[in-house]
1. Dipole size in debye (nearest 20) for the range B:275-411 around its Cα centre, Lys and Arg Cβ +1, Asp and Glu Cβ -1?
2. For the protein assembly as shown, give me the percentage of DSSP beta bridges that are antiparallel, rounded to the nearest 5 percent.
3. Take every Cα pair under 8 Å in chain B that's 6+ residues apart, average their separations, divide by the length, and report that relative contact order as a whole percent.
4. Determine the relative contact order of chain A: mean sequence separation of Cα pairs under 8 Å and six or more apart, normalised by residue count, in whole percent.
5. Enumerate the helices in chain B for which the Kyte-Doolittle hydropathy averages 0.5 or more and the C-alpha atoms extend at least 24 Å along the helix's axis, using complete DSSP H runs.
6. Across peptide B:168-175, how many C-beta atoms of other chains are within 10 Å of each residue C-beta, on average?
7. Which lysines, if any, have their Cα less than 21 Å from the Cα of A:Lys221, not counting same-chain residues under 8 positions apart?
8. Need one number: convex hull volume per residue for the range B:321-427, Cα atoms only, in Å³.
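None of the figures in this text is laboratory data; all of them are computed from the coordinates on show. This structure is a prediction, so every number in the text was calculated from the model and none was measured. We place every Cβ from the backbone using ideal geometry, glycine too, and count neighbours over all the protein chains shown.
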Amino acid sequence: MSRSLISAGSIIKTFENLKVLNGTNFSLLEGEFVAVTGKSGVGKSTLLGVLGALDPTFEGELLINGVNAVEASSSELAELRREFLGFIFQDFHLLPNLNALDNVLLPAVFSGTDTEAVKDDAATIISRLGLRNDSTPTRFLSRGERQRVASARALVNNPRVLMADEPTASLDEESEENLFDLLDTLRKERGFAIVAVLHSKRILSRADRVLELREGVLHEKHA
Amino acid sequence: MKNMRKAISLWNRGHWKDYVFSQGMLLIASLLLVFFISIGLGVGNILQRFLSSDLPEEQVRITPMGVQAGFFQTERGGTEITESTMDSLAAMPQVERIDPQVYAHVPAYLRGLLGGQNYYTDITLEGVSSAFVPDSMLQYIDWNYTLADSSMKPLPIILSENLLILYNAGFAESNGLMGLTPEGVIGLEVRVNVGSSSIASLQSPPINIRAEIVGTSRNMALFALAVPIEFVEEVNALYLPDDRHTYSALMVTASEAEDVPEIVRYAEEMGLSAETRRGIAQKAEILVGVVTAALGALAAAILFSAVASAIHTLVADLKNRSYALGVLVALGTRRERLVYIFAFQIFFMSLFSTVFGGLLGCGLSYIVSSTLLNLLPVLKMAVSSLAVYPVGWLSAGLGLVLVISTVSAWFFFRKILATPVTELLRR
């Protein structure tokens, strides 16, 4: 039986007087690929922020890798984000003056882990994503290239869960397919789970489950 | 800490120039701090040197108000010191003895061969009793002299040390001569001319007398020569027989130092001016205090504005990059580690700026000191350097700059990192 990686119950998230998440539940099993859809502004990124231990200001229950995220300290949440989760942000969140490899190595460098140990893995992922491993700062890269650098950074710490917020928004169809081909391959190799906010129907068809966020609550669309 | 250098290098890539201004301000703050401390203390030393007195603690120098030294007096008026004034003071139980001083109201000059060059200066003769002369000196000199002795022995004279400074700074400097020290002038023979000077002469013919320098003193007016009091009284009577006999000063010796304030109070009640060692020291302290406070306030104002600018720039830079901080936190870097890394960076950058600025400040004060001493030789004779380098004070000052900048940056950095990461990522 697959282990539960993330389990959320009755999550309520309010911005001023607006309830964006209104008592929603969520669960993610080991190796699972769950897609989240919904209209723009419905709160998909907010949901990912809560599930990804980025936003601790919510009501409800949340277990990430067995850790009670509601009671965890900021250091414990940071450790979860660093060791257990990988993020592909909608706006990439790269440091523009650094090249692709340095951006990918950023979490390892700042957390004080051995960068030599992950350097080869980072170079391999960069290469498999079709990126040049050179000194060009990422501010000079196209949106698609930056998207792939962000993907590589999310994967390099070998996470158990990949959180992706519209990872294919900047990609053409071919790059979109290539990215998810690689993610599928890596998922099989490494066994991580994916929670992704997606719109592309072709990619949605690859998901194990598709959830639609409506009126602050997740609804199962199809298996 | 592991990867510290790499982390700092990645964080600052493309941003080093953002630190140039803030670190430049810190450097200037340190430079000015060291400069003002160094020069300020040097100026204090000079003032102390010029204002110091060897007046004994139990002595009071009583003079008429508003009357300046001897022939050069510019104002007379108020209470004069007469025999009855002296008797009145002598009646006080606290007074042990009184030694009167008389200025010659007659123009005079001194001429001598100093360092192989003819030296000339107008002077004022200040008649003092043997009490003015230190006991150690009295063993070797005879402090009795009248005009009748002029053919047999030289007139004993005591030079003002300030006159020596003036000689060294002016005459000796311009003629390339060696400077004179108080010890070096003792025994020198000169000529004293009484009855005329470069600016005045009397109808009676002047008298030219052989004189010998027997000592130096700080308790004299700049151009005064202390000579035996009988000689000055004789000269005044000879050239100005109609002048009323008054004293220019009284050196009053109290039975004990504690009695000095009572004598001062009594003299001031009589409308006279009383000067004591403590009073001179207090005046010197006040003057030095005012100068030091003014320089300190100026340094503090510059330091405050420079440190404030530096901190403002550092904080502005941190605020501008709060998004990047959000990225690092989102990727799982602990906030405490980020605070540690950046406080470390700010500390070392500030350390470099303050130490380098401090060294430049030392260099600048040295250059200013050398330049001023070359331009104003009178200073050169008083002190060997105008710049003082008290390592403890300078280190404390620079340490303060360092602590203020690092702690401020650390404080604001913590404040930024207390912001929720989702908000940081939206900036």
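1. Approximately 180 debye in magnitude.
2. Looking only at bridges with both residues in the protein assembly as shown, the antiparallel portion is about 70 percent.
3. Taking the mean separation of contacting Cα pairs over the length of chain B, I get 31 percent.
4. Details: 423 pairs, mean separation 63.9, N = 223.
In percent, rounded to a whole number, it is 29.
5. Values: long enough: B:16-51 (51 Å, 1.31); B:277-320 (62 Å, 1.09); B:335-375 (58 Å, 1.23); B:391-417 (38 Å, 1.57).
Qualifying helices: B:16-51, B:277-320, B:335-375, B:391-417.
6. 0
7. Output for A:Lys221: A:Lys39, A:Lys44, A:Lys201.
8. On the way: hull volume 11.1 nm³, N = 107.
Spelled out: Cα convex hull of the range B:321-427, divided by residues, is 104 Å³.
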